[in-house]
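Trainee: Can you keep this structure in mind? I'll have questions shortly.
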Amino acid sequence: MPARAEPFVAVVIPAYQAAATVAAVVAGARAAGPVYVVDDGSTDGTGDVGRGTGATVLRHPTNRGKGAALATGIAAALAGGADVIVTLDADGQHPPTQIPRLLAPIREGRADLVLGARERSGAMPLGRRLTNWMSARLATRIAGQGVTDAQTGLRAFTRAVVERVRPAGTRYDYETAFLLGACDAGFRIACVAIPTIYAGAESHFRPWADTWRVVRVFGRYARRIIAGAGAA
C-alpha cells in the first residue's frame, strides 16, 4: 500500500499591535508551512515586521477583531491549498515548537480539530483560570467528548472542518462558536497539553464585552448544557 501523502499545512496568526513579538512567532511557525499574518489594523508596524520575517501579510485597515482576522487568514490559507490549518496568537503565548505535537492526532487520523490545552496553573491569572475552567466544562457537556481548554487560540483543524463550520462573530466569540460548531457537527476533538505562558503580555480581551459575547454563544446550547448536567 502506498504511504499516505502528508497534508499541506498552513499557519494563520491574527495580530494586533504585536510588533515586539510577531517576528519570533513567525520564525518558529515557518517550519510547519507557509504563514499568514493578519494585521488587524495595527499602528505599530506589526505587518511590516511580519512581512520582514517571511510571512504573507494580510491587512485590515481598521481593527475588526480577532475573529475577523482569523476568518481572513483561514480563507487565504484555504485558497492557498491548505489541507490543515494551524492558528496561534502573535503575542508569544503559544510556543510554535508545539505545532508538531498539535498536528500529530490529525496526521494519525485520530482527530479533526486539536486544541492546545493550557494547564490552569499559577502562570495563568486567577480570573482567566476560572473562566477557562467553566468554559471547558460547558464545552464538554455540549460536545459529549472531553474539552480541557475551550478558549485556547492554539489549534489545528482540517479543511473539512472549515468547510462545514461557518461561525458568526468577529471577536473572541468567533473561536468559541467555531469550537462548538465543530462539536455540534460531530467532528472529533483532541486536546494536547501545552505550556502556560503569560509573561506579562498585554491582552486585548475586554473582560466585560468579550465575556458577554462568549456567554451568548454558550447560551445557544443551553438545553444541551442542562441535559448534560442532569446526566452527570
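The values are calculated or read from the model by the stated rules, or taken from the named source; none is laboratory data. As the structure is a computational prediction, the values presented were derived from the model and not from experiment. Here the Cβ is made from the backbone with ideal geometry for all residues, glycine too, and neighbour counts use every protein chain on show. Surface accessibility is based on the protein's heavy atoms, side chains included, excluding ligands, DNA and RNA. Shrake-Rupley method; radii C 1.70, N 1.55, O 1.52, S 1.80 Å.
To keep it simple, each residue is scored yes or no on (1) of a type in the set (F, W, Y); (2) in contact with a Pro (Cβ under 7 Å, 6 or more places away or on another chain); (3) at positive phi; (4) modelled with pLDDT under 95.
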position	(1), (2), (3), (4)
P2	no, no, no, yes
Q17	no, no, yes, no
A23	no, no, no, no
A29	no, yes, no, no
G33	no, no, yes, no
V37	no, no, no, no
D48	no, no, no, no
T72	no, no, no, no
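Trainee: Right, something else. How many residues are farther than 21 Å from Q93 by Cβ, among the hydrophobic types (A, V, I, L, M, F, W, C) and in a loop (DSSP other than H, G, I, E, B) when one looks only at the range 144-179?
Mentor: The qualifying residues number 2.
Trainee: Can you run down the residue pairs with Cβ atoms below 7 Å, 6 or more apart or on separate chains, where the first is in the range 149-161 and modelled with pLDDT of 90 or more and the partner is assigned to a loop (DSSP other than H, G, I, E, B) and open to solvent by 10 Å² or more (accessible area, probe 1.4 Å)?
Mentor: These pairs meet every condition: F157/D112; T158/D83; T158/D112; R159/D83; A160/D112; V161/D112; V161/F187.
Trainee: Quick check on my filter: what residues within the range 63-79 are open to solvent by 40 Å² or more (accessible area, probe 1.4 Å), within 23 Å of G116 (Cβ to Cβ) and either in contact with a Lys or Arg (Cβ under 8 Å, 6 or more places away or on another chain) or in contact (Cβ under 8 Å) with a residue 60 or more places away in the chain (or both)?
Mentor: Listed by number, the list holds a single entry, A71.
Trainee: For the range 31-62, which positions are open to solvent by 60 Å² or more (accessible area, probe 1.4 Å) and closer than 23 Å to E175 by Cα?
Mentor: Restricting attention to the range 31-62, the residues satisfying the condition of being open to solvent by 60 Å² or more (accessible area, probe 1.4 Å) are 31, 43-44, 48, 51-52, 56, 59, 61-62.
Result: T56, R59, P61, T62.
Trainee: Looking at the range 103-120, is at least one residue outside any strand (DSSP E or B) and modelled with pLDDT under 80? Full working, then the answer.
Mentor: Keep residues of the range 103-120 that are outside any strand (DSSP E or B), which gives 103-112, 119-120.
With the extra rule that they be modelled with pLDDT under 80, the set shrinks to 119-120.
Yes: one or more hits.
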